[in-house]
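Below is one structure; the comments refer to it alone.
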Amino acid sequence: MINEQIRDKEVRLIGEDGEQLGIMSAKEAYKLAQDAELDLVKIAPTAKPPVCKIIDYGKYRYELARKEKEARKKQKVIEVKEVRLSPNIDTNDLNTKTGAARKFLEKGDKVKVTLRFRGREMAHMSKSKYILDDFAESLKDIATIDKPSKVEGRSMVMFLTAKK
């Protein structure tokens, strides 16, 4: 809330330099802000009495937006990349998929390894678990198993994350 929107009887006022000006009525505080050609902004509405500060509101909003942008810039978004395998995959194909997963992990992404079953392959799901185990074993130098393999519908899924 700013300027005339502040309807409290009395407020604790902080000056533009950060000094305490004490408790006064909202009208007096607004008048002081007008004299300084600045805005009266309610900073802590839940305090007793509410805390208001005399500042340039446009500049204040700009600073907040800038700080928020800086915080977003420092965030690292972790993506989940997927590698799909089939139960009858050959060793060279498995090595290619392992290489792709290694690249994803080195970039800092999580890897979802999906072993997909079709048709009659569904009857031999338990025999194909070793494929996911071998995949994880080949990446154990740079990856840890985040979520172990489990069956979800027609596929078996495992999540890998890069070691720290």
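General remarks:
- Exactly one residue out of 30, 62 is among the aromatic types (Phe, Trp, Tyr), more than 30 Å from residue 110 (Cβ to Cβ) and without any contact (Cβ under 8 Å) to a residue 24 or more places away in the chain, and it is 62.
- Any hit, segment 124-132, residues being touching an Asp or Glu at 6+ places or on another chain (Cβ under 8 Å) and either part of a helix (DSSP H, G or I) or buried (at least 18 other Cβ atoms within 10 Å of the Cβ) (or both): yes
- Within segment 134-148, being more than 13 Å from residue 87 (Cβ to Cβ) and either touching an Asp or Glu at 6+ places or on another chain (Cβ under 8 Å) or not polar (S, T, N, Q) (or both) holds for 136, 137, 139, 140, 141, 142, 143, 145, 146, 147, 148.
- Test: residue 111 is within 28 Å of the chain's Cα centre (by Cα) and modelled with pLDDT of 90 or more: yes
- Residue, most open to solvent (accessible area, probe 1.4 Å), within segment 32-80, restricted to residues that are over 19 Å from residue 3 (Cβ atoms), among the β-branched types (Val, Ile, Thr) and modelled with pLDDT under 90: 46
- Flag for residue 95 being open to solvent by 80 Å² or more (accessible area, probe 1.4 Å), part of a loop (DSSP other than H, G, I, E, B) and polar (S, T, N, Q): no
- In segment 142-164, residue surrounded by the fewest Cβ atoms within 10 Å (Cβ to Cβ) [restricted to those that are closer than 18 Å to residue 97 by Cα and more than 27 Å from the chain's Cα centre (by Cα)]: 155
The values are calculated or read from the model by the stated rules, or taken from the named source; none is laboratory data. Since we're looking at a predicted model, the values are computed, not measured. All Cβ positions, even for glycine, are placed from backbone atoms using ideal geometry, and neighbour counts span all protein chains on display. Heavy atoms of the whole protein, side chains included, go into the accessibility calculation; ligands, DNA and RNA do not. Shrake-Rupley method; radii C 1.70, N 1.55, O 1.52, S 1.80 Å.
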